[in-house]
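Below is one structure, written out as structure tokens; comments come after it.
The values are calculated or read from the model by the stated rules, or taken from the named source; none is laboratory data. Given the structure is predicted, the values throughout are model-derived calculations rather than measurements. A quick note on method: Cβ atoms are made from the backbone with ideal geometry, for glycine too, and the neighbour counts reach across all protein chains shown.
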Amino acid sequence: MNLRRDVFQAIADPTRRAILLLVASQAMTAGAIAANFDTARPTVSKHLQILTECELLEQAQNGREIYYHINAKKMKEVADFIEPFRQMWDDRFTKLETIMKQYKSS
Amino acid sequence: MERKTKINAEDGKQELVITREFDLPLELLFKAYVEPDIVEQWMGTKVLKLDSKKHGSYQFETTDPKGNKYGFNGIIHAFSPNQKITRTFEMENTPFGVQLELLEFEQLTDDTSKLTMHVIYESVAQRDQVMQLPFAQGINMAHNRLQNIVGKLN
């Protein structure tokens, strides 16, 4: 149970990351989320449960439907939130390094 | 795995620090920031102008796969070869404002060097927005991919 509540553990799973990316652009129902995956519906529900338990997703009742949306505050706490920014710079610098090594030897 | 590029962005501050150690002599690292044709290669941008000196300026332009052009420009405030570049950076036609960049170049050994990039934004909100850009782009790309897949199913 402890593992399940660990945010980093939660975002380590590719399907759960995909769910977060999907829901980040708009709040969605479990059914709409599941429609984007080949995975069985109960598996998606399980992922949603884990993401909700560790507060990355929040539920909001709208009529009869429950919508899932991103908890931006929690996402911000996760170091991974700035990981794409770090990765972008890392890619650039690695390219710089490769180019200059060639430059040196030519 | 050791992360070569580190980002230090404290909560609630309008600045961040990017550091990176290179397996390159200091002179070569610095050259990569000065020679327009080299900048073009690693930044993946077209260099329209790069006048590396005090009171100099630069202008870059990138083109996305759809042919849309994006401009970047800035003014160089200080320029000390192999030591420091102080400049502004601005993404044209965006709400992100101007950022101040202080780039410090250091020799570690004969063959290794270090870059410290101190970036100061107009506000905390702007820093956070810029930092989240690649994340947002990732979201859009993932979303577009999913829409494409879903589109094909229909």
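Evaluated against (1) touching a Ser or Thr at 6+ places or on another chain (Cβ under 8 Å); (2) more than 14 Å from every other protein chain (Cβ to nearest Cβ); (3) basic (Lys, Arg), B:Lys84 falls short on exactly one condition, (1).
Taking the criterion of being crowded, with 19+ Cβ neighbours inside 10 Å and among the aliphatic types (A, V, I, L, M), the residues of the stretch B:10-33 that qualify are B:Leu16, B:Ile18, B:Leu24, B:Leu26, B:Leu28, B:Leu29, B:Ala32. Within the stretch A:77-106, residues that are at pLDDT 80 or above reach partners that are in a helix (DSSP H, G or I) and polar (S, T, N, Q) with beta carbons closer than 6 Å, at six or more positions or on different chains, in the pairs A:Ile99/B:Gln41. Of all the criteria given as (1) under 30 Å from B:Leu24 (Cβ atoms); (2) away from every other protein chain (no Cβ under 14 Å), the one not satisfied by A:Gln102 is (2).
All told, A:Lys95 meets the bar of being assigned to a helix (DSSP H, G or I) and facing chain B (nearest Cβ under 10 Å). Here B:Asn82 qualifies as in contact with a helix residue (DSSP H, G or I) (Cβ under 6 Å, 6 or more places away or on another chain), in the same structural domain as B:Tyr33 (by TED's automatic domain parsing) and either surrounded by 13 or more Cβ atoms within 10 Å (Cβ to Cβ) or modelled with pLDDT under 95 (or both).
Considering B:Tyr70, B:Tyr58, which residue is within 17 Å of the chain's Cα centre (by Cα) and modelled with pLDDT under 95? Answer to the selection: B:Tyr70. Out of B:Leu115, B:Leu133, one residue alone is aliphatic (A, V, I, L, M), within 14 Å of chain A (Cβ to nearest Cβ) and in a strand (DSSP E or B). It is B:Leu115. The set of residues from the stretch B:18-48 being of a type in the set (Val, Ile, Thr), closer than 14 Å to A:Phe93 by Cβ and more than 8 Å from chain A (Cβ to nearest Cβ) comprises B:Thr19, B:Val39.
Taking the stretch B:94-140 as the range and being modelled with pLDDT of 95 or more, buried (at least 18 other Cβ atoms within 10 Å of the Cβ) and among the polar types (S, T, N, Q) as the test, the residues that pass are B:Gln99, B:Ser113.
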